[in-house]
Ligand code: ADP
């Protein structure tokens with residue numbers, strides 16, 4: 001199926017510096033898609049190019065199969081919600097939402113029906129005649145969102161819209177935004193630097209770094225199968241082991257780590273025998289036990305630090321080979337440890353060979 005949005009080899013220079021580097025990205029219709037990456041990696045620039053607020057230096061942007069690269073914002077069917085969600089202060093809630101529809105010349109009964117439908121979606125029917133300064137931050141946010149959705153854009157662009165909110169409201173709005181997207185079936189393109197926010201809300205996450213896409217996938221794919229060290233570090237936490245490839249059988253690699261045979265799953269192309277690779281291992285994938293469990297991986301170590309985190313405890317384990325790993329243990333697993341000398345291991349499918 002044709003993607004709704006297609007960035008084709010898009011570059012954006014500001015002076016001599018390359019903000020977006022050979023962006024090739026397809027966005028599927030009806031999905032909650034998030035551009036995730038550290039500050040300055042080109043997320044906003046990409047979003048603004050799709051909105052028509054910036055022009056690519058080269059490459060093309062297709063919207064619903066049509067080349068919109070050089071069209072001004074009002075000639076493409078997209079809408080944007082900014083971080084400061086600037087509502088018109090002198091207009092009521094209803095008139096704020098109606099604004100884009102009036103511009104389009106829609107009949108007033110139709111506008112009224114559409115505004116009421118949208119207010120109902122966010123349970124603000126009672127607030128239609130209020131002024132923006134009579135609303136809470138969360139209510140203003142909902143109105144801004146409905147104003148942007150009112151003209152029925154093909155894509156709604158959201159540039160860090162929650163970053164100004166306090167933690168509790170932000171969390172609430174994450175859930176609400178996600179449910180509005182699911183309810184309306186609209187394509188949302190959301191920008192954030194917050195990995196937890198991206199994991200919570202998205203159907204698809206596009207991880208960016210230095211103007212490039214590092215990996216695109218579902219939250220679960222990115223978490224369980226990060227393709228490289230950047231993604232493995234940016235999303236969640238990882239331990240890394242440097243190992244040498246002994247053999248590869250399908251998706252499973254047999255590796256040598258400090259004289260131990262370990263196994264891990266491939267995320268990219270198969271490395272050659274003898275290649276040096278990095279294995280990523282999530283802290284919660286590691287188990288620690290008192291006695292050698294006679295499993296295929298059982299490395300000996302000593303706990304050097306215990307950090308209580310409520311629902312789990314983070315253990316730093318210094319392995320006999322000299323490396324330290326962090327393991328997260330739940331209270332039951334922790335209760336089985338009598339001292340600081342432990343054996344640690346993991347399920348082979350939970351260790352991932354990174355492509356870089
Ligand atoms: P992000 O949204 O990931 O934080 P941006 O897309 O805003 O990143 O910025 C990408 C890079 O482009 C940064 O290095 C930033 O400083 C630069 N940049 C963004 N907008 C402009 C601009 N209008 N003029 C010059 N440089 C810019």
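Take every DSSP beta bridge whose two residues both sit in the chain, then give the antiparallel share in percent to the nearest 5.
75 percent
Remark: the Cα gyration tensor places the range 237-353 in the prolate category, a/c being 1.5 or greater and a/b exceeding b/c. Please say if the range 220-302 is rounded, prolate or oblate, where rounded means a/c under 1.5 for a ≥ b ≥ c the square roots of the C-alpha gyration tensor eigenvalues, and otherwise the choice is prolate for a/b larger than b/c and oblate otherwise? Oblate, since a/c reaches 1.5 and b/c is not below a/b.
Each of 91, 255, 25 was scored by other Cβ atoms within 10 Å of its Cβ. Arranged with the fewest first, they read 91, 25, 255. Each 10 Å bin, from zero up to the one with the longest distance, holds this percent of the alpha carbon pairs of the chain: 5, 21, 25, 21, 15, 9, 4, 0.
Relative to the current alpha-carbon distance between residue 273 and residue 307, full extension at 0.36 nm per residue lengthens the span by 8.4 nm. Relative contact order, whole percent, for the range 199-253 stands at 21, derived from Cα pairs under 8 Å and 6 or more residues apart.
Each of residue 129 and residue 154 was given a label point 7 Å from its Cα along the Cα-to-Cβ line. The distance between the two points is 4.0 nm. Across the range 5-232, Cα pairs under 8 Å and at least six residues apart give a relative contact order of 29 percent.
Just so you know, the averaged projected area of the alpha carbon convex hull for the range 298-350 sits at 3.8 nm². Look at 175, 303, 205 and count the other Cβ atoms within 10 Å of each Cβ; fewest to most, that gives 175, 303, 205. For the peptides 194-200, 161-167, residues were scored by their other Cβ atoms within 10 Å and the scores averaged per peptide; the highest-first order is 194-200, 161-167. Computed on the range 97-220, with alpha-carbon pairs under 8 angstrom and 6+ residues apart, the relative contact order is 20 percent.
Highest mean packing comes first when the peptides 28-38, 111-121 are listed by Cβ atoms within 10 Å, giving 28-38, 111-121. Mean residue ellipticity at 222 nm, helices only, the chain: -7500 deg cm²/dmol; runs of at least 4 DSSP H residues each add -39,500 (n - 2.57), and the sum is divided by the number of residues.
The numbers here are math on the coordinates, done by the rules we state, and not lab data. Predicted model only: the values in this text are computed from it and were never measured. FYI the Cβ positions are ideal-geometry reconstructions off the backbone, even for glycines, and counts take in every protein chain you see.
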